[in-house]
């Protein structure tokens, strides 16, 4: 991939802002030169935070991950160290930029993309915190009837101090009948226990198509909360592929809201867990319009004491006749200490639908391993080959070739490190 063009990060005289109160929200708004509408949105979210409970261990989705690890009381906003970089072509038919750039991009389309906040039914307290205190990030907007074959890269980099928190925002809107390919990377490095809470909001207008690859890479001491929400209009198509390389405690949410007739979402993701990593993935395939389709595949290979929690919900509303939804989670346990929990759910409120789901967890097939070793491969080499085949299914089929090559390269690198640590 080409080198990215750096964009100036948000600046402040202090490395940490004081608390999660109104003064910090105003300081953020002023540093970004926001118009009054956006500052008012922050302050309104701040009011609602006070009457909205923080997630607790009795909440169904938080029973397997300790929400206290993400408590805002443990962290303070870090005003430095969050930057955004782009690699758009020299001539491009879209509008993109960083919220933290020196020239504020507050035209009507950008403001509308920020003001439209999806409802958060999973963890509303965290969602409101992100609305009130988001800092820097990126926007990518296209007009109608635009097509671009090149990949646009967006990289959000976080360098966190001990006890620091970064809350970046990425908004993407693809206009009617437009076609785009985007590579989004979220990276966080830390000098101690810290919080990286990102939100990505996507809107696809009628007939739009987006190929999106999302790669996440965070240090072991980074507590990563990642929320991606995509709203699909009539006959639009989302093809999302993601790779998770986080090494600490992560809560990752992937949501596709199929609100227009004929909308289609394909979501495929993979995770390589090692040492004591903990990934809690929550997916939502919400069908509210007729003749909509969603397909989800998530695979995890777990080493050491790694843990994966998968909670997947297919929800079909009464208005979504002829919906078609599929969900599959497969896990490979590469050590005795690794663990995978899968909790697939269906909520079907209409008769004329086709919805299926499945989940498996197990070790490498001993017969396949024996076969490869009988052909002259060593055990480590044979195991690596089987793992590569396991992960490669994620990028088979309709994933763009250039995305597939990049994904496999990153996964191969992480698999190699995990295998070396296993020996």
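Do we find a residue being modelled with pLDDT of 90 or more, surrounded by 12 or more Cβ atoms within 10 Å (Cβ to Cβ) and assigned to a loop (DSSP other than H, G, I, E, B) anywhere in segment 69-78? For segment 69-78, residues modelled with pLDDT of 90 or more, surrounded by 12 or more Cβ atoms within 10 Å (Cβ to Cβ) and assigned to a loop (DSSP other than H, G, I, E, B): present. For residue 338, the criteria (1) under 24 Å from the mean Cα position of the chain (by Cα); (2) without any contact (Cβ under 8 Å) to a residue 24 or more places away in the chain hold in every case but one, which is (2). Which members of segment 84-108 meet the condition of being in a loop (DSSP other than H, G, I, E, B), over 23 Å from the mean Cα position of the chain (by Cα), over 18 Å from residue 133 (Cα atoms) and at pLDDT 70 or above? Of everything in segment 84-108, those that are in a loop (DSSP other than H, G, I, E, B), over 23 Å from the mean Cα position of the chain (by Cα), over 18 Å from residue 133 (Cα atoms) and at pLDDT 70 or above turn out to be 92, 93, 107.
Please return the ranges of helices (runs of 4 or more DSSP H) entirely within segment 350-423 where 3 or more residues are in contact with a strand residue (DSSP E or B) (Cβ under 7 Å, 6 or more places away or on another chain) and either free of Cβ contacts under 8 Å to residues at least 12 places away in the same chain or closer than 17 Å to residue 331 by Cα (or both).
On the way: elements: 366-374, 379-392, 401-422.
It comes to 379-392, 401-422.
Quick one: count up the residues across segment 220-233 that are crowded, with 20+ Cβ neighbours inside 10 Å and outside any strand (DSSP E or B).
Step one: filter segment 220-233 for residues crowded, with 20+ Cβ neighbours inside 10 Å, giving 222-233.
Filter once more, so that each one left must be outside any strand (DSSP E or B): 233.
Within segment 220-233, residues that are crowded, with 20+ Cβ neighbours inside 10 Å and outside any strand (DSSP E or B) number 1.
With respect to residue 343, determine if the residue is modelled with pLDDT of 90 or more and part of a helix (DSSP H, G or I). No, not satisfied.
Listed here are the residues, each with its yes/no results for (1) closer than 30 Å to residue 19 by Cα; (2) touching a helix residue (DSSP H, G or I) at 6+ places or on another chain (Cβ under 6 Å); (3) surrounded by fewer than 18 Cβ atoms within 10 Å (Cβ to Cβ).
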{"position": "110", "(1), (2), (3)": "yes, no, no"}
{"position": "124", "(1), (2), (3)": "yes, no, yes"}
{"position": "135", "(1), (2), (3)": "yes, yes, no"}
{"position": "145", "(1), (2), (3)": "no, no, yes"}
{"position": "158", "(1), (2), (3)": "yes, no, no"}
{"position": "179", "(1), (2), (3)": "no, no, yes"}
{"position": "183", "(1), (2), (3)": "no, no, no"}
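In this structure, does residue 119 turn out to be closer than 23 Å to residue 95 by Cβ and either surrounded by fewer than 20 Cβ atoms within 10 Å (Cβ to Cβ) or modelled with pLDDT under 90 (or both)?
Details: closer than 23 Å to residue 95 by Cβ: no; either surrounded by fewer than 20 Cβ atoms within 10 Å (Cβ to Cβ) or modelled with pLDDT under 90 (or both): yes.
When the stated conditions are applied, residue 119 does not pass them.
Against the list (1) in a helix (DSSP H, G or I); (2) under 17 Å from residue 129 (Cβ atoms), the condition residue 37 fails is (2). A Cβ distance below 6 Å, combined with a sequence gap of six or more or placement on separate chains, defines the contacts here; from segment 40-69, residues that are over 30 Å from residue 343 (Cα atoms) reach residues that are surrounded by 15 or more Cβ atoms within 10 Å (Cβ to Cβ) and modelled with pLDDT of 95 or more in the pairs 42/132; 45/128; 45/131; 45/132; 46/132; 48/128. Tell me, which residue of segment 209-219 that is surrounded by fewer than 21 Cβ atoms within 10 Å (Cβ to Cβ) and within 30 Å of residue 68 (Cβ to Cβ) is nearest to the chain's Cα centre (by Cα)? The selected residue is 215.
Looking at this structure, is residue 343 in contact with a strand residue (DSSP E or B) (Cβ under 6 Å, 6 or more places away or on another chain) and under 22 Å from residue 390 (Cα atoms)?
Values: in contact with a strand residue (DSSP E or B) (Cβ under 6 Å, 6 or more places away or on another chain): yes; under 22 Å from residue 390 (Cα atoms): yes.
Yes; evaluated as a whole, the condition is true for this residue.
Residue 289 fulfils the conditions (1) within 20 Å of residue 353 (Cβ to Cβ); (2) in contact with a helix residue (DSSP H, G or I) (Cβ under 9 Å, 6 or more places away or on another chain) except for a single criterion, (2). At least 3 residues being under 17 Å from residue 222 (Cβ atoms) and within 18 Å of the chain's Cα centre (by Cα) is the threshold, and among the strands (runs of 3 or more DSSP E) wholly inside segment 121-208 those reaching it are 147-160, 179-190, 194-204. Restricting attention to segment 238-251, does a residue exist that is in contact with a helix residue (DSSP H, G or I) (Cβ under 7 Å, 6 or more places away or on another chain), surrounded by fewer than 24 Cβ atoms within 10 Å (Cβ to Cβ), farther than 21 Å from residue 391 by Cβ and in contact (Cβ under 8 Å) with a residue 40 or more places away in the chain? Yes.
The values are calculated or read from the model by the stated rules, or taken from the named source; none is laboratory data. Computed from a prediction, not measured in an experiment: that's the story for all the values here. No Cβ is skipped: glycine too gets one built from the backbone with ideal geometry, and neighbour counts run over all protein chains shown.
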